[in-house]
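Below is one structure; the comments refer to it alone.
Taken together, the values in this text are just the output of simple stated rules run on the coordinates, not laboratory data. Since this is a predicted model, take the numbers as computed values, not measurements. A quick note on method: Cβ atoms are made from the backbone with ideal geometry, for glycine too, and the neighbour counts reach across all protein chains shown.
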Amino acid sequence: MAVQLPTGVYDYIRNRILSGELPPYSRLKEQELAAKFNVSRTPVREALARLEQEGLVQRSPRRGAVVLPLSLDEMDEIYEIRGALETLVARRACQHITDAEIEELAWVLKQAKDYLEAGEFDAMIAANARFHSLLHRSSRSPRLVYLLRTLEDRLFLYRHKGLRYPGRAEAGIRQHGEMLESLKRRDTAELCRQIEEHTEQSRAAAIKYYLEEGRGRRMAEQAGEGGDHTSRYLI
């Protein structure tokens, strides 16, 4: 029986790529996807075309669609752009944030601390993402929020894996607390400095995971466990 998913072909494939369930070089076969969703190939092609525009997939006449890996250069570039946009968020947030929004940030930060202490890591990561989302929203710039969300989606797997390194989550929560105090004072210069430091440490942790993941993949391939990545199709 074909699988019917309310999120649609595009959302389903995209979420699987960003979460790492569809690793780099996985093949995405139109016919199998169409059968899974009980649709024609047209919506599948449209979904793959959108994913190609986002840099998540590469299509070619002979090989079809393949999940593109995130290169180290691309990761560095995204973090550089993200850092600049986060600084703009800081400036705008200090101008526009309300006391109610500051209280909400404080509540989300407390949740993150409580989850971490309870060992509920996935919930802590979700609260961490919520903190950033609320901060971005306080900039009163929908375009800025959209750009940051797009960049963060591309880094999703590596940012979240980086948070699992010993001490990284604790440091991130501490930095969020410092950022919150600067927001209360509307101290733009200090908030910008804190965000730059926070972004750089996030980048370092994500790159560490990226390099370790690549090393593990190469070792598996050398041991004959990796196989031909271009022939894989995970759905």
### Query
Gain in length, Arg62 to Asp99, computed as 0.36 nm per residue apart minus the alpha-carbon separation, to one decimal in nm?
7.6 nm
### Structure-based [θ]222 nm, the chain - -39500 (n - 2.57) summed over DSSP H runs of at least 4, per residue, nearest 500
-24000 deg cm²/dmol
### Query
Roughly speaking, what % of Cα-Cα pairs in segment 1-143 are separated by over 24 Å, rounded to a whole number?
53 percent
### Query
Treating the beta-carbon of each Lys and Arg as +1 and of each Asp and Glu as -1, no other charges, what is the dipole magnitude of the chain about its Cα centre, to the nearest 20 debye?
700 debye
### Summary
Close lysine pairs (the chain; alpha-carbon distance under 25 Å; 8 or more apart or on separate chains) counted at 6
### Summary
Along the dipole axis of the chain (charges at Cβ: +1 for Lys and Arg, -1 for Asp and Glu; origin at the Cα centre), the most positive-end residue among Leu163, Ala123, Thr42 is Thr42
### Message
Can you tell me what percent of all Cα-Cα pairs in segment 8-69 are more than 17 Å apart?
### Response
29 percent
### Query
Taking all pairs of different Cα atoms in segment 72-214, averaging 1/r and flipping that mean, what Kirkwood radius in angstroms comes out?
15.2 Å
